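Single-structure report; data block below.
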Amino acid sequence: MSGGSGMSSRKILIHTSLVSDPCAIDKRTVVPGKLYDVYAPPGDLGIVIDTTADGHVMHSMKTNSPLINLIHIGDVVFAIDDMDTRSITAATLTRLIAGKAQQLQRKITLLNMGF
């Protein structure tokens, strides 16, 4: 885990302040069915988002994605930079994330599906 200590559990974020590591995740346990945030760095994230009955889900990640070990396949995307994304299409969500690629960081709020 980026900047972590090799922890085996995922983390919940109820987190409002910016952090120095752009890929940081809060140090509390992520629980299935709970929301958590990750802070993605600038540039390509190497993720594929798909729409399912559960919502927009992380479908796959490239092996060089900076979000490896921070998010998990099957988790549902709820918001980008605190903007609720549940009512937009997966294609629009992908464009929104790509459109913010030059930002220092992008806050991604996800629902842990426990996969």
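Just so it is clear, none of the values below were taken in a lab; they were calculated from the coordinates. Quick caveat, the model's predicted, so the values are computed rather than measured. Neighbour counts are summed over all protein chains in view; Cβ atoms, including those assigned to glycine, are modelled from backbone coordinates with ideal geometry.
Computed from backbone phi with θ = phi - 60° and the Karplus coefficients 6.51, -1.76 and 1.60, the 3J(HN,Hα) list for the range 70-81 is 9, 10, 10, 4, x, 6, 9, 7, 9, 7, 10, 6 Hz; x is used for glycine and proline. For the listed peptides 48-60, 82-94, 66-78, a ranking on the average number of other beta carbons within 10 Å per residue, highest first, reads 66-78, 48-60, 82-94.
In the range 25-115, taking the dipole from charged Cβ atoms about the Cα centre, the farthest positive-side position among Leu70, Ser87, Thr52 is held by Leu70.
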